[in-house]
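Everything on this sheet refers to the single structure shown next.
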C-alpha cells in the first residue's frame, strides 16, 4: 500500500523513514482508498470533512475516524454513505455521545466503537512497560523518560 498523508506539521524525517509522501488535502481526498483521521478538534478542524470535501472523495473510499467527533459533518457522511460515495466508515468517535440521531450508527456499512481504538493488547502492554520503567527510574533517582508533568 502506498501511504500518502496531509499534515499541517509535516515531519520530513519520519515520513522518509516510513515511506510516506505528503500531499495537499484535496489531493489526498481525491486519491485515497482508505482515509484515517488522526487530528485534534480545533476551530479549523471542525467539520473538516464537510459536504464539499466529501464530494471530492474517491468513490468507494473507506473512512476511519479515531480522532474526535466533530471533524466530520455527520449528516453529510450519512448522505455520502447512502449514495455509495463512501463504501464504509469506522467511527471511534461521534459528534454527540450517545448520539441523538441513530441513523449513522444503524447503517450496515458503519462500525462504531466507544472511543477505544487505541485500547489494543499490544498498546496496553507497551504502556504498562513504559510506566514500570519510569517508576524504576524515579526509584533510582533518575528522571522518568515519559513524565506526565515535566517539572525538571
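Worth pointing out:
- Kirkwood Rh and Cα Rg combined as Rg over Rh, evaluated for the chain: 1.06
- Looking at the chain alone, DSSP beta bridges between its own residues are antiparallel in about 0 percent of cases.
- Helix-only CD estimate at 222 nm, as mean residue ellipticity for the chain, using -39500 (n - 2.57) per DSSP H run (n ≥ 4): -9000 deg cm²/dmol
- Angle in degrees between helix 121-140 and the longest Cα principal axis of the chain, rounded to the nearest 10: 30
- Cut-off 15 Å (backbone N to label point 7 Å along Cα→Cβ of residue 52), residues of the stretch 7-40: 25-27
- Percent RCO, i.e. relative contact order, over the stretch 32-117, from Cα pairs under 8 Å lying at least 6 residues apart: 29
- The chain - percent relative contact order, Cα under 8 Å, separation 6 or more: 15
- Rounded, prolate or oblate (a/c below 1.5 giving rounded, otherwise prolate when a/b exceeds b/c) for the stretch 16-78 by Cα gyration tensor: oblate
Just so you know, all these numbers are worked out from the coordinates, no wet-lab data involved. Since the model is a prediction, treat every value here as computed from it, not as a measurement. No Cβ is skipped: glycine too gets one built from the backbone with ideal geometry, and neighbour counts run over all protein chains shown.
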